[in-house]
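*Asks:* Once you've had a glance at the structure underneath, I'll fire off some questions.
The values are calculated or read from the model by the stated rules, or taken from the named source; none is laboratory data. All figures in this text were calculated on a predicted structure; none of them were measured in a lab. No Cβ is skipped: glycine too gets one built from the backbone with ideal geometry, and neighbour counts run over all protein chains shown. Protein only, heavy atoms only, side chains kept; ligands, DNA and RNA dropped before computing areas. Shrake-Rupley method; radii C 1.70, N 1.55, O 1.52, S 1.80 Å.
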Amino acid sequence: MTATARNPLTDEVLDVRTVISETVDSVRLAVLRAFRELSNPTTSRNLATHANVSRQAVSLHLGVLHERGLVNRYDGGIELTTGGLLFLDAIEDCLQTVPVEALSYLTRTAHPLTLLQLLAKQPYRLSDLPTTASDLPSQSTIRRTLIGLTEYQWLSDDGGTHRITSVGSDALSAYTELAAIVEQLVEKAPWFQRLPPEVVPIPIDALVDAEFVVSNPRNPASVLSTCLKLYDRNISQFRCLCSVFNPVLFHAYRGLLELGIESEAILDRPTALKAASNAGTRYSVQSGRYSHYHPLVLEESQTLGIGIYDERKVAVAAYNEAGSGKHIAMIVGSNEKLVNWGIDLYDSYRADARPATEVDLNSK
């Protein structure tokens, strides 16, 4: 049985196997690959020319890719999102083990995958297969599928007993890894859609248990509410990258400084300027009042937020949506791999930041 995943952008429940199949079994893969060869952003005309397909076909595939957060459309053109880049990378990695034609066969219907997964557990004779799983097709369909799997050298026939081969095990493993990545790309599409490309590589497998929250017109304060709930007076260290000015959040997290908790904040310049001009938030760019607080400033504006709670929990929020930045998507997790990735990501921004005392925050 293959996995399903809900796309928060459209509320559509997608079959992961089908998402993979419709990519490798059509010109969609050629369209995705064309993005790598063209300047970014590009146009549908350029994509059609490079992929050697009609503009109508390109338009159709771009529509689906946009709905799934894998491409963004701007007035200036079309570009792959970070989710789109990761999707293409995951497919290309799988194709190193399973060629396009074979992956297309494996995913076109549910039968090859179901049988391969079943035979990976133990060998079966044809006569025994229909009784082992309720979702298996008729015996004639099973027979045809076994022949196909054997032709790809994924199965061997030992006197009527069908066994998975090492080639079949490798193919199934490669598909399983791809499917797990695609599932997360679908389920957390708004987050991957907004992430800046410099954040890759991302430990996607570590996102499985991460909390996902996204603001939208129906619930514009959902991410802010989650951030306020993350406030923890029992931590010993707090670090953050902030590129959104929100006085409510600034006021809440000032409590950590009042408690004497070791803290560091990186603010991008637009946020630092707003904070400096507001009497209630000016503390966030001043190091003199709290000896255990270290404010830093990045000259370039950012579209990312990071919160690190000791080394136990990380929150990563992304703000840009097709260049408009209207809503925020955020993941929160305690997985060690995810936390370490968040810390490394924070440190990469910290390397380019300067102490707030060295930055002129009086001019705009």
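*Asks:* May I ask you to verify whether V27 is hydrophobic (A, V, I, L, M, F, W, C) and open to solvent by less than 10 Å² (accessible area, probe 1.4 Å)? Walk me through it before giving the result.
*Replies:* Values: hydrophobic (A, V, I, L, M, F, W, C): yes; open to solvent by less than 10 Å² (accessible area, probe 1.4 Å): no.
Answer is no for this residue.
*Asks:* For T107, only one of the following conditions fails: (1) hydroxyl-bearing (S, T, Y); (2) crowded, with 18+ Cβ neighbours inside 10 Å; (3) touching a strand residue (DSSP E or B) at 6+ places or on another chain (Cβ under 8 Å). What is its number?
*Replies:* The failed condition is (3).
*Asks:* Could you please find all residues in the stretch 235-263 being surrounded by 14 or more Cβ atoms within 10 Å (Cβ to Cβ) and β-branched (V, I, T)? If you could, list the steps in order and put the result at the bottom.
*Replies:* Of all residues in the stretch 235-263, those surrounded by 14 or more Cβ atoms within 10 Å (Cβ to Cβ) come to 235, 237-246, 249-250, 252-254, 256-257, 261-263.
Listed by number, the residues that qualify are I235, V244, I261.
*Asks:* Give me the pairs, please: first residue somewhere in the stretch 3-16 and assigned to a helix (DSSP H, G or I), second residue anywhere and among the acidic types (D, E) and surrounded by 15 or more Cβ atoms within 10 Å (Cβ to Cβ), beta-carbon distance under 6 Å, and either six or more positions apart or on two chains.
*Replies:* V16/E183
*Asks:* Right, another one. In this structure, is G83 touching a Pro at 6+ places or on another chain (Cβ under 6 Å), within 24 Å of W191 (Cβ to Cβ), open to solvent by less than 20 Å² (accessible area, probe 1.4 Å) and not aliphatic (A, V, I, L, M)? Break it down stepwise before answering.
*Replies:* Details: touching a Pro at 6+ places or on another chain (Cβ under 6 Å): no; within 24 Å of W191 (Cβ to Cβ): yes; open to solvent by less than 20 Å² (accessible area, probe 1.4 Å): yes; not aliphatic (A, V, I, L, M): yes.
No.
*Asks:* Condition test on L47, is it without any contact (Cβ under 8 Å) to a residue 60 or more places away in the chain, part of a helix (DSSP H, G or I) and surrounded by 19 or more Cβ atoms within 10 Å (Cβ to Cβ)? Quick ask: steps written out before the conclusion?
*Replies:* Working: without any contact (Cβ under 8 Å) to a residue 60 or more places away in the chain: yes; part of a helix (DSSP H, G or I): yes; surrounded by 19 or more Cβ atoms within 10 Å (Cβ to Cβ): yes.
Here the answer is yes, as L47 does meet what is asked.
One line per residue, one yes/no per condition, for (1) touching a Ser or Thr at 6+ places or on another chain (Cβ under 9 Å); (2) open to solvent by 60 Å² or more (accessible area, probe 1.4 Å); (3) part of a helix (DSSP H, G or I):
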| residue | (1), (2), (3) |
| --- | --- |
| I91 | yes, no, yes |
| L146 | no, no, yes |
| S156 | yes, no, no |
| H162 | yes, no, no |
| S169 | no, no, yes |
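*Asks:* What's the number of the only condition in (1) in a helix (DSSP H, G or I); (2) touching an Asp or Glu at 6+ places or on another chain (Cβ under 9 Å); (3) farther than 16 Å from A102 by Cβ that E177 fails to meet?
*Replies:* Failed condition: (3).
*Asks:* I'm trying to understand the selection: among the residues of the stretch 300-326, which are out of contact with any Phe, Trp or Tyr (no Cβ under 9 Å at 6 or more places or on another chain) and modelled with pLDDT of 95 or more?
*Replies:* Passing the criteria: R312, K313.
Residue-by-condition table, conditions (1) over 25 Å from Y105 (Cα atoms); (2) open to solvent by 80 Å² or more (accessible area, probe 1.4 Å):
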{"position": "R6", "(1), (2)": "no, yes"}
{"position": "T10", "(1), (2)": "yes, no"}
{"position": "S21", "(1), (2)": "no, no"}
{"position": "L32", "(1), (2)": "no, no"}
{"position": "F35", "(1), (2)": "yes, no"}
{"position": "S39", "(1), (2)": "yes, yes"}
{"position": "N52", "(1), (2)": "no, yes"}
{"position": "N72", "(1), (2)": "yes, no"}
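*Asks:* Let me ask something additional. Answer with yes or no whether P197 is under 30 Å from G342 (Cα atoms), touching a residue at least 40 places away in the same chain (Cβ under 8 Å) and open to solvent by 10 Å² or more (accessible area, probe 1.4 Å).
*Replies:* Working: under 30 Å from G342 (Cα atoms): yes; touching a residue at least 40 places away in the same chain (Cβ under 8 Å): yes; open to solvent by 10 Å² or more (accessible area, probe 1.4 Å): yes.
Spelling it out, P197 is indeed under 30 Å from G342 (Cα atoms), touching a residue at least 40 places away in the same chain (Cβ under 8 Å) and open to solvent by 10 Å² or more (accessible area, probe 1.4 Å).
*Asks:* Moving to a separate point now. Taking only the stretch 281-295 into account, find how many residues are open to solvent by 70 Å² or more (accessible area, probe 1.4 Å) and in contact with a helix residue (DSSP H, G or I) (Cβ under 8 Å, 6 or more places away or on another chain).
*Replies:* At the first step, the residues of the stretch 281-295 found to be open to solvent by 70 Å² or more (accessible area, probe 1.4 Å) are 282, 286, 288-289, 291, 294.
Applying the additional criterion that residues be in contact with a helix residue (DSSP H, G or I) (Cβ under 8 Å, 6 or more places away or on another chain) yields 282, 286, 289.
The number of residues fulfilling the criteria is 3.
*Asks:* State which residue pairs qualify: first residue touching a residue at least 40 places away in the same chain (Cβ under 8 Å) and inside the stretch 219-241, second residue part of a strand (DSSP E or B) and open to solvent by 40 Å² or more (accessible area, probe 1.4 Å) in any location, beta carbons under 7 Å apart, and separation of 6 or more residues or different chains.
*Replies:* S236/E262; Q237/E262
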